[in-house]
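Beneath this line is the structure, given in structure tokens, with notes to follow.
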């Protein structure tokens, strides 16, 4: 389950789609817009995404997590557009029989997204706008 969308999302609705028999643990990562970064107050972020490639990469990362960690379900939601401080940016939810593999898979997913998915963030501050440096690897 992959979604890239402009509008906000419901955590409860997302969990409702994730849960199924056999899942005894759910680990959730929820990314939000920071109100402060590098000593500057942040009003919000502008998020740009290369949608077609991002969907392909997110689907690949999801498949890898399912296979590598033996988890039952993975849901990834990432927003784009102009977001204000404290708004939700991303949710990763991993459902598994047990907590250990759910935690490992969730960490693998977020680290892989940061490295592999073409999503760019520009922080909007009173001092100007600043692109956030990521370690994205094209390929």
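Quick note: the coordinates plus some simple rules give every number you see, no bench work behind them. For clarity, every value in this text was computed on a predicted model and none was experimentally measured. Cβ coordinates were reconstructed from backbone atoms using ideal geometry, including for glycine residues, and neighbour counts include every protein chain displayed.
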*Looking at (1) touching a strand residue (DSSP E or B) at 6+ places or on another chain (Cβ under 8 Å); (2) crowded, with 16+ Cβ neighbours inside 10 Å, find the lone condition where residue 129 falls short.*
(2)
*For the range 31-44, name all the residues that are over 14 Å from residue 84 (Cβ atoms) and assigned to a loop (DSSP other than H, G, I, E, B).*
38, 39
*Out of (1) touching a strand residue (DSSP E or B) at 6+ places or on another chain (Cβ under 7 Å); (2) part of a helix (DSSP H, G or I); (3) closer than 30 Å to residue 125 by Cβ, what's the single condition that is false for residue 107?*
(1)
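Which residue is farthest from the chain's Cα centre (by Cα), if the candidates are limited to the range 64-89 and must be assigned to a strand (DSSP E or B), over 16 Å from residue 23 (Cβ atoms) and in contact (Cβ under 8 Å) with a residue 60 or more places away in the chain? Break it down stepwise before answering.
Initial filter on the range 64-89 (assigned to a strand (DSSP E or B)): 73-79, 81-84, 88-89.
Next, from what is left, pick out any that are over 16 Å from residue 23 (Cβ atoms): 76-79, 81-84, 88-89.
After this cut, where a residue has to be in contact (Cβ under 8 Å) with a residue 60 or more places away in the chain as well, the list is 76-79, 81, 88.
Values: 76: 6, 77: 6, 78: 5, 79: 8, 81: 14, 88: 10 Å.
If we take residues in the range 64-89 being assigned to a strand (DSSP E or B), over 16 Å from residue 23 (Cβ atoms) and in contact (Cβ under 8 Å) with a residue 60 or more places away in the chain, then 81 is farthest from the chain's Cα centre (by Cα).
If you check residue 28 against the conditions, is it free of Cβ contacts under 8 Å to residues at least 60 places away in the same chain and either assigned to a helix (DSSP H, G or I) or surrounded by 14 or more Cβ atoms within 10 Å (Cβ to Cβ) (or both)? First the steps, then the outcome.
Details: free of Cβ contacts under 8 Å to residues at least 60 places away in the same chain: no; either assigned to a helix (DSSP H, G or I) or surrounded by 14 or more Cβ atoms within 10 Å (Cβ to Cβ) (or both): yes.
Considered against the rule, which asks whether it is free of Cβ contacts under 8 Å to residues at least 60 places away in the same chain and either assigned to a helix (DSSP H, G or I) or surrounded by 14 or more Cβ atoms within 10 Å (Cβ to Cβ) (or both), residue 28 comes out as no.
Do you know which of the residues in the range 1-25 that are in a strand (DSSP E or B) and in contact with a helix residue (DSSP H, G or I) (Cβ under 8 Å, 6 or more places away or on another chain) is farthest from residue 81 (Cα to Cα)? Give the steps one after another, and end with the answer.
Let us first name the residues in the range 1-25 that are in a strand (DSSP E or B), namely 2-5, 25.
In the following step, the residues that additionally are in contact with a helix residue (DSSP H, G or I) (Cβ under 8 Å, 6 or more places away or on another chain) were identified as 2, 4, 25.
Values: 2: 17, 4: 11, 25: 32 Å.
Ranking the qualifying residues of the range 1-25, first place goes to 25.
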*One residue from 47, 113, 92, 61 being under 23 Å from residue 11 (Cα atoms), assigned to a helix (DSSP H, G or I) and either touching a helix residue (DSSP H, G or I) at 6+ places or on another chain (Cβ under 6 Å) or in contact (Cβ under 8 Å) with a residue 60 or more places away in the chain (or both)*: 61
